[in-house]
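What follows is a set of notes on a single structure, which appears directly below.
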Amino acid sequence: MGTFYVTTPIYYVNDLPHLGHIYTTVVADVVARYRRLCGDRVRFLTGTDEHGQKIERAARREGVAPIELADRVVARYHDLWRLLRISHDDFIRTTEPRHERAVPRLLERMEQAGDLYLAQHDGWYCTGCETFYTEKELADAERRCPVHGTPCEWRSEENVFFRLSRYQDALLELYRNRPEFVRPETRRNEVMSFVESGLRDLSVSRSGLDWGVPFPGRPGHAVWVWVDALSNYISALGFGGTENSLFEEYWLGDGTRLHLVGKDIVRFHAVYWPAFLLSAGLPLPTTIYAHGWWMRDERKMSKSVGNVVRPDSLLERFGPDPLRYFLLREMVFGQDANFSDEAFVDRYNSDLANDLGNTASRLVKLARDAFGGTTPPESCDDNQLMHVAQTVVEDYRRGMDELNFQAALRSLWRLLAEANQYLVEREPWKRIKQEGATASVSRILWNGMEAVRIVAVGLYPFMPGLAPRLLEAIGSDGPPESLSALAWGGLPCSREIPPLQPLFPRVDKETFMSEMPSEGSGVSVPPGHPPDSSAETRNASGGLEIEDFQRIELRVGRIVQAEAVPKSKKLLRLEVDLGPAGVRQVIAGIAQQYSPESLLGRQVVLVANLKPAKLMGLESQGMVLAAIDAEGKPVLLGTDREVPSGSTVR
Ligand code: MSP
């Protein structure tokens with residue numbers, strides 16, 4: 001038991017939140033909820049990074065003041081965090097006075113240490129990263145940023161420099177003496193070799209930047225956004241202010257200080273931030289834990305690439321907990337993972353609807369039927385399932401302590417599998433018929449329900465809404481208050497339980513996939529932010545080969561039959577006449593924009609040599625082409641004048 005300070009990166013406000021931001025914040029929330037159960041005094045901080053040229057430019061593009069843009073995006077973050085049941089204790093904005101006051105205080109301490117000096121700075125700058133790169137780091141001829149892929153700008157200005165080079169040895173010693181400082185191991189190795197290769201001093205002021213914290217004693221200069229941003233972790237605790245009891249408790253004390261970050265910003269956190277703190281004579285974080293990226297089509301999901309997932313439709317349909325569970329179960333913490341709706345629905349059906357939901361509802365039904373609507377009257381404190389539960393709880397705790405969420409969740413599922421096996425072997429349903437609701441039937445069912453209770457307690461940090469509902473449904477109490485709830489024996493006997501309403505109703509995969517936006521992808525690109533086609537469609541040599549394009553058979557066809565697909569809101573079944581090439585059945589996701597009658601006789605453009613696919617059990621033998629309008633809705637393509645059915649399109 002001690003203090004536990006956990007933070008997320010503060011998010012830029014030039015972009016609406018997407019799955020990547022959600023991920024780090026959900027991870028932090030799971031950690032915070034688990035540590036509270038451990039009895040720690042937890043402080044969980046998240047927030048927004050609002051200064052800098054990137055934000056200034058985004059606001060200018062939209063014709064608003066930077067603070068207006070920030071206010072708008074911050075409101076979205078607040079809504080989303082509420083929706084996702086994020087239990088942060090504080091939300092810092094770098095435009096708040098408490099923060100703007102703290103940044104100069106940190107710089108003063110660095111100045112007093114003799115670590116700041118004035119010098120000319122020339123170099124390649126990426127506004128996306130708000131950082132300078134060396135020639136060596138920009139490998140290609142266009143000097144593209146290694147993270148954003150956009151060309152860097154040449155900058156030449158007089159800046160205040162921080163003597164980062166002075167901290168090279170201290171940092172290396174830190175990484176060697178405290179291997180837990182940067183995790184996982186791969187990131188630690190990367191950071192060490194970066195520092196070993198030699199640290200150059202860092203410019204920490206920017207001229208010509210109006211949207212930032214004014215640099216103390218340097219009129220016309222603003223503080224470099226990364227000094228500004230990193231300071232949030234202490235400004236939010238009151239550093240530099242008059243009331244700093246939180247700073248004393250969570251930063252100066254000897255508890256844990258954990259920064260969760262994406263691997264893109266490890267260097268800032270594991271090299272620059274400790275160097276600033278060493279210079280200022282302040283304690284360091286305990287651990288910087290860097291997770292991998294959520295990818296789509298082999299690329300990091302990001303606004304600049306245009307491949308972000310904003311899982312609005314998933315949240316609307318499933319609520320927050322299944323998404324929270326999926327994110328933590330699917331990604332090996334520290335490695336990259338690919339997001340797909342299909343993987344989501346598969347995991348939902350197999351883990352939640354089947355393994356968890358079915359086991360719980362089967363047990364509740366058996367117990368209610370056998371014991372007149374209550375939990376079993378007899379408990380049991382020595383049986384095979386109990387022993388399994390004890391090792392499962394140890395594994396779960398180890399997983400959670402090490403931030404190995406996948407392992408923690410897998411261990412809970414091992415207990416579910418054992419509980420099912422235990423029931424199959426003992427067949428309580430048969431015994432009830434043969435011997436009635438005996439003490440031994442009671443013990444069997446109680447054991448099964450107790451296993452489910454322990455799983456639900458372990459799931460609480462991951463599913464803070466549904467886990468308590470599951471606990472109540474099996475006759476236990478709501479949210480657990482401490483980890484002692486993981487001990488065997490907590491399920492009350494003879495407690496009234498209502499019939500279980502399905503918490504995880506099974507989803508028909510085909511219907512689900514056909515009803516997701518953008519043809520099942522779930523990707524929603526907001527209006528005005530089309531995907532960056534240059535990044536997505538060009539191959540390495542600069543374009544698609546003509547032979548590749550010619551392999552696609554495009555033909556004009558006439559719709560001769562159109563009708564709604566039963567049980568689908570989005571799909572229509574079309575018959576498209578391709579003249580000599582025959583009539584094709586095509587299942588198209590256009591029902592919300594076109595009535596079947598309005599389509600009859602109309603000519604459309606069809607991709608005629610696609611591999612047939614099944615949608616809602618119907619074979620689709622091609623795809624009609626449509627433009628996507630500003631709201632993401634399909635608008636059918638046609639020809640300028642009538643052409644014979646079956647004509648090719650080139
Ligand atoms: N403002 C800086 C952080 C300053 S912290 C002192 C920043 N902001 S960001 O909005 O661009 O991204 C912040 C974080 O969002 C990343 O470090 C990562 O935690 C998360 N992610 C953004 N895209 C991501 C993925 N595609 N996948 C996983 N997480 C990623 O950098």
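Relative to its residue count, the stretch 74-119 spans a Cα convex hull of 125 Å³ per residue. What you get for the stretch 380-445, charging only the Cβ of Lys and Arg (+1) and of Asp and Glu (-1), is a dipole of about 300 debye around the Cα centre. Taking Lys and Arg as +1 and Asp and Glu as -1, the other residues whose beta-carbon sits under 13 Å from that of Leu483 total +1.
The convex hull around the C-alpha trace of the stretch 173-325, projected and averaged over every direction, spans 13.2 square nanometres. Net charge in the neighbourhood of Gln384 (other residues with Cβ under 13 Å of its Cβ; Lys, Arg +1, Asp, Glu -1) is -3. Based on C-alpha pairs under 8 angstrom that are at least 6 apart in sequence, the stretch 43-199 has a relative contact order of 19 percent. Taking the square roots of five times each eigenvalue of the Cα gyration tensor of the stretch 326-472, the equivalent ellipsoid has semi-axes of 30, 16, 12 Å, listed largest first.
Note on the stretch 1-107: Cα Rg divided by 2.2 N^0.38 Å, N the number of residues, gives 1.17.
Here Lys136 is the anchor, and the lysines within straight C-alpha reach of less than 23 Å, apart from those fewer than 8 places off in the same chain, are Lys263, Lys300. Cα centroid separation, the stretch 410-470 to the stretch 559-621: 47 Å.
Between the stretch 155-185 and the stretch 264-332, the C-alpha centres lie 21 angstrom from each other. Short-range pairs are left out: with C-alpha atoms under 8 Å and at least six residues apart, the relative contact order of the chain is 11 percent.
A convex hull fitted around the alpha carbon atoms of the stretch 200-245 yields 99 Å³ per residue. Taken along its three principal axes, the alpha carbon spread of the stretch 88-161 comes to 43, 36, 16 Å, from the longest extent down to the shortest. Gap in Å between the Cα centre of the stretch 1-36 and the Cα centre of the stretch 196-247? So the separation of the two Cα centres works out to 22 Å. For the peptides 617-627, 592-602, 468-478, the ranking by mean Cβ contacts within 10 Å, running from highest to lowest, is 468-478, 617-627, 592-602. Here the convex hull built on the C-alpha positions of the stretch 105-202 has a volume of 133 cubic angstrom per residue. In summary, the lysines within cross-link reach of Lys567, defined as a Cα separation below 24 angstrom excluding same-chain residues under 8 places away, comprise Lys509, Lys614, Lys633. Work out the FRET efficiency for Ala75 and Lys611 from their Cβ-Cβ distance, taking R0 = 45 Å, and round it to the nearest 0.05. E(calc), rounded to 0.05, equals 0.50. For the stretch 408-490, what is the convex hull (Cα atoms) projected area averaged across all directions, in square nanometres? For the stretch 408-490, averaging the hull's shadow over all directions gives 5.5 nm². When all alpha carbon pairs of the chain are counted in 20 Å bins from zero, the resulting P(r) reads 16, 41, 32, 11, 0 %.
Spin-label model, Thr186 to Asp346: label points 7 Å out along the Cα-to-beta-carbon direction sit 2.1 nm apart. Note on the chain: with charges restricted to the Cβ of Lys and Arg (+1) and Asp and Glu (-1), its dipole about the Cα centre is near 900 debye. Each distinct pair of alpha carbons in the stretch 242-332 adds a 1/r term; the inverse of their mean, the Kirkwood radius, is 16.3 Å. Projected onto their three principal axes, the Cα atoms of the stretch 275-401 cover extents of 65, 41, 22 Å, largest first. Across the stretch 355-514, the relative contact order, built from alpha-carbon pairs under 8 Å that are at least six residues apart, equals 34 percent.
All of the numbers you see were taken from the coordinates with simple rules; none came from a lab. Just so it is clear, the model here is predicted, and its values are computed rather than measured. Neighbour counts run over all protein chains shown; Cβ positions are idealised from the backbone, glycine included.
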